[in-house]
Amino acid sequence: MLERHELEAFLTLAEELHFGRTAERLRVSTSRISQTIAKLERRVGVPLFDRTSRRVELTPLGRRLHEEVRPAWQQITSAFEQAVAAARGLTGTLRVAFVGAAGGQLLVGAAELLRRREPGCDVQLREAQMVDLMPWLRDGEVDVALGTFPVEEPGIATGPVLVSEARMLAVPSGHPFARRESVSLEDLARVPLLQLPGTLPDSLREDRTPRTTPSGRMIEPGPSAATFNEMLTLIGAGHGVLPVGAQARRYYVRPDVAYIPFSDAPPLRWGLLWRTDNSTARVRAFVQAAGDLVGGHA
């Protein structure tokens, strides 16, 4: 029989493909992870990972084992967490992350509604930078996060759309686009497009920073940054543009950046995210409270 620490080491390394990051997530030494994986491979009889000085990759057998074991492990973990949550009820602390002032205001209202409904449940709000949002969620730093859709990630659940807002293009205030009443998605082929952090889901980055316009014209990729304010600084300095939500006009007023409406882009949609293996009673209650708040059922 496999022991729990062996399964956790294997599944985490299969996700991270880096011994150091795996050790950090599991709060053990790198040598402990190496020893555990080596012991597991001896028991299996073949390597599960190909290792070089520059990379770590799953072998074909390791990939097959990961695909077969991960769903069962998630089911076991989820069942245990739900049993613990059911035993504890809705008491305890729920950690919720947001990016930006507008998201914080929405979550404050949801937290207050949940506290009224469940006095024994405390909600701790934490501001995250764009680069940190998904790592915090996956590593268990937070239980729930408010982010923009689409998010199509293994192991991540999404709630209903809470807020939709018009999509706008943030441009340097001296750019010719800043004198226009609107821009189109085809205009993105004429300017460098800043890139979202690589820690965000591919589905979200493809939506916000596409590689081509709707007609197939190539879009020049610009630099990336870790925070939204860093993005705006790059825009103000003339290094590119970025699609943003309309709330940026209110919360991020800058003399060097202008926000121009898109004439043909779909709205940005916001909703809650959480790990599928962490669908506790507290998480479900908070998702319900947020939905009721925006739906007028508070």
- Looking only at region 251-288, and only at residues there that are under 21 Å from the mean Cα position of the chain (by Cα) and basic (Lys, Arg), the one that is surrounded by the fewest Cβ atoms within 10 Å (Cβ to Cβ): Arg284
- Task: Scan (1) in contact with a Lys or Arg (Cβ under 6 Å, 6 or more places away or on another chain); (2) assigned to a helix (DSSP H, G or I) for the single condition Val142 breaks and write down its number.
- Result: (2)
- Task: Select, from Val171, Val69, Val131, the only residue that is aliphatic (A, V, I, L, M), in the same structural domain as Arg250 (by TED's automatic domain parsing) and surrounded by 15 or more Cβ atoms within 10 Å (Cβ to Cβ).
- Result: Val171
- Could you list, in sequence order, all residues of region 245-260 that are over 14 Å from Ser173 (Cα atoms) and either part of a strand (DSSP E or B) or touching a His at 6+ places or on another chain (Cβ under 8 Å) (or both)? Gly245
- Message: Could you go through region 38-58 and let me know if any residue there is in a helix (DSSP H, G or I) and either in the same structural domain as Arg138 (by TED's automatic domain parsing) or closer than 19 Å to Arg138 by Cβ (or both).
- Response: no
- Restricted to region 205-244 and to residues being assigned to a helix (DSSP H, G or I), out of contact with any helix residue (DSSP H, G or I) (no Cβ under 9 Å at 6 or more places or on another chain) and among the hydrophobic types (A, V, I, L, M, F, W, C), the residue nearest to Asp187 (Cα to Cα) is Ile235
- Query: Filtering region 1-37 down to residues that are of a type in the set (A, V, I, L, M, F, W, C) and part of a loop (DSSP other than H, G, I, E, B), which residue is farthest from the chain's Cα centre (by Cα)?
  - Reply: Met1
- Task: Name every residue in region 96-113 that is modelled with pLDDT under 90 and not hydrophobic (A, V, I, L, M, F, W, C), in order of residue number.
- Result: Gly100, Gly103, Gly104, Gln105
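The values are calculated or read from the model by the stated rules, or taken from the named source; none is laboratory data. As the structure is a prediction and not an experimental result, all values here were calculated from the model. FYI the Cβ positions are ideal-geometry reconstructions off the backbone, even for glycines, and counts take in every protein chain you see.
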